[in-house]
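The structure appears right after this line, and notes come after that.
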Amino acid sequence: MIIVENLNKKFGELEVLRDISETIYNGEKIVIIGPSGSGKSTFLRCLNLLETPTSGTITIDSVDITDPKTDINKVRSQMGMVFQNFNLFPHLTVLQNITLAPIQLKLMNESEARDKARYLLERVGLMDKIDEYPGRLSGGQKQRIAIARALAMSPKTMLFDEPTSSLDPEMIGEVLEVMLELASDGMTMVIVTHEMGFARKISNRILFMDEGMIVEQGSPDQLFDNPQKERTRAFLSKVLTR
Amino acid sequence: MNMIIALSFSTLKENFYNDFIVDNRWKWLVDGLGVTLKVTLMASFLGIIIGLLVALVKVSQFHGRKIPVLSQIADAYVLVIRGTPAVVQLLIIYYVIFASVAIDKVLVAALAFGLNSGAYVAEIFRAGIQSVDRGQMEAGRSLGLSYGLTMRKIILPQAVKNTLPALFNELITLLKETAVAGYIAVADLTRAGDLIRARTFDPLLPLLAVALIYLVIVLLLTRLMNLLERRLARSDHR
C-alpha cells in the first residue's frame, strides 16, 4: 500500500504538485490522465523518488521513503519503472539488460537470472531477441524488453510513465497487451497514459490531474461517462472526440 | 651546378656518418625514444587514473550529489594545471617539490606529465559522462542499483566509448609534450637529437630524424585508434 500525504513539488518558483494526498492499495490499477504539464509524470516519479518531493511524505508498506535514513535503493528494487523513452542499456544485450540488476544486487546467481530472463522474454514474446543489442529492436520491442527488465526484479508495484507515447501507432498494441496481461496477474500498477480506451480497459480507478492537483477521480465508467467537474469534462471532450 | 650538388651530397653523407654512425650515436636516439615512450606510458596511465577520479567528483556535482571539499580540490586542480605551462609545472615539481629528494628524473617527468594530462583527461571524461543520456542513470537507479554501481556498469562503459577519439588525441599531445623533459635533463628523444647536434654541429639531420620518429609514432597511434574504433563500432548497433 502506498500512502501519499500532502505531497508538494516545486521546480524553482513553479509549483508542479500541490498538496496531493492519495492512497494506492495493493493490486490496484491506477491510471493518471490529464493535460500535459499537469504534473502526472512528476507525481509518478515522486513515488520512487526519481524526483525528490519539496514537502510531504510517501509511505510504502509502512516505510516512509521520504525519510533520508530509508534505503531508497531497496525501495526502488521492489518498484519497477517503465519510461517513455525505454532507456534500455545500449551497450548490453537484451539478456544482459534483464539480468544486470538481479545479479549486481545479488538477488540471483547468473543461471537463475538467465532462467528468469528467458521466462520473461517468453512472456513478452521476444525470446528470439535474447542476444540482440537494443539498437536492433523496434520501439515496441524495446518497450516490451524494458517491461521484462523491470519484472526481473520481481517488483510489488510497476510504474509506467507514458509507455506508448514515443511508439509508432502500429506498435502500441503489443505493449498494451503485455500490460493487460500483467494486470490480470494482480500486479499493482500506476500508469500515466494518453490512451483513453486502454485506460478504461485496464484501470479500476482513474485520477484526473490538472495544475498539480487531483481534480477528480473515480472508476473508469464514472469518470469517462459521468464526469462531475467542469475541467474534467473540458479535457475529456478534447481527447475523446479525436 | 653538378659539382655543387655532388659536393653537398657528399657533405650530407659525411654528416650522416658523423651524426649517426660514429660512436654509435644512433643508439642515443634509440635510448631517447625508449625514455620518451616510458615517460609517455607512465604519464598517460597516471593521467587516466587522476582524470577519472576528478571527472567522477565533478559529475557528482552535476548530479546534485556535491562532495564539498573534494569538488573544490578538483576544480582548483583543473584550473591550475590548465592555466599554467607544462614546462613550468615540470620545473616546479623537479626543482621545488623534489629539490632535496634523490629520485629518478624519468619518474619525476612521468609524474609531472601525468599530473598535467590528468586535468585534460578529467575534462574529456566529464564531457563523455555527461553525453550519456540522463535516462540511463534514471533507469539504473529505478532498478535499485546504487549511484556508484549505475556509474560503473551503465554510464562509464558508454562514456569511455564516446571519449575514445579524444583520449587518443590527448595521448598524442602528451607524447609530444614530453619533448620538454630535457629541461630537467631527462635524456628523452628530443634531448638525444639535440645532444648529437651539439656534438657534430650539424642541426639538420639529427633534428630531422627526431621529428621523423615522433611522426611515425603518432602515425602508429592513429592507426591503432582507427582499428580500435572499428572494433568497437562492430558491437555498436545504435
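Listed values, structure above:
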| item | result |
| --- | --- |
| Charge-dipole axis of the protein assembly as shown as Lys and Arg at +1 and Asp and Glu at -1 on Cβ define it, positive-most pick from A:204, B:117, B:55 | B:117 |
| FRET E, pair residue A:217, residue B:229, Förster distance 60 Å, beta-carbon r, rounded to 0.05 | 0.65 |
| Charged-residue dipole, Cβ positions (Lys, Arg, Asp, Glu), the protein assembly as shown about Cα centre, Debye nearest 20 | 840 |
| Prolate/oblate/rounded label for the stretch B:1-126 (Cα gyration tensor, a/c 1.5) | prolate |
| Alpha carbon Rg of the stretch B:14-236, scaled by the compact-globule rule 2.2 N^0.38 Å | 1.22 |
| Protection proxy ranking, peptides A:72-79, A:125-132, average beta carbon neighbours within 10 Å, highest first | A:72-79, A:125-132 |
| Order of A:232, B:200, B:178 - criterion: other Cβ atoms within 10 Å of each residue's Cβ, fewest first | B:200, A:232, B:178 |
| Loop sites in the stretch B:54-134: trypsin sites (Lys or Arg not before Pro), DSSP, at most 12 other Cβ within 10 Å | B:65, B:66 |
| Projected label distance in nm at residue B:162 and residue A:18, using a 7 Å step from Cα toward the beta-carbon | 3.8 |
| Candidates A:195, A:28, A:13: whichever shows maximal mean-square fluctuation once chain A is modelled as a Gaussian network with Cα springs under 10 Å | A:13 |
| The stretch A:180-237 and the stretch A:18-71: distance between their alpha carbon centers, rounded to Å | 17 |
| Average Cα contact separation per residue, the stretch B:14-236, under 8 Å, 6 or more apart, as relative contact order % | 30 |
| Linear extension gain, residue B:218 paired with residue B:92, 0.36 nm per residue minus alpha-carbon span | 42.5 nm |
| Test item: Cα-centred dipole of chain A, Lys/Arg +1 and Asp/Glu -1 on Cβ, debye | 180 |
| Positive-end residue of B:206, B:184, B:162, charge dipole of the stretch B:138-238 with Cβ unit charges | B:162 |
| C-alpha center-to-center spacing [the stretch B:11-44, the stretch A:97-141] in angstrom | 56 |
| Point-to-point label distance, residue A:200-residue A:138, nm (Cα→Cβ direction, 7 Å offset) | 2.6 |
| Local net charge near residue B:143, Cβ-Cβ under 9 Å (Lys/Arg +1, Asp/Glu -1) | +3 |
| Cα long-axis angle, helix B:68-83 against chain B (0 to 90 degrees, to the nearest 10) | 30 |
| Within straight-line cross-link reach of residue B:27, lysines at Cα separation under 28 Å, skipping those fewer than 8 residues along the same chain | B:13, B:38, B:105, B:176 |
| Taking B:142, B:131, B:100 and counting other C-beta atoms within 10 Å, the order from fewest to most | B:100, B:131, B:142 |
| Charge dipole magnitude, Cβ of K and R +1, D and E -1 - chain B, Cα centre, debye nearest 20 | 860 |
| Neighbourhood net charge (11 Å Cβ-Cβ; Lys/Arg +1, Asp/Glu -1) for residue B:204 | -1 |
| Of B:193, B:29, B:173, farthest towards positive along the dipole that unit charges on Lys, Arg, Asp, Glu beta carbons give chain B | B:173 |
| Sequence-separation-based contact order of chain A, relative, with Cα cut under 8 Å and 6+ spacing, percent | 26 |
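We did not get these values from a lab; they are worked out from the coordinates using the rules stated. Since we're looking at a predicted model, the values are computed, not measured. Please note: Cβ atoms are built from the backbone with ideal geometry, for glycine as well, and neighbour counts cover all protein chains shown.
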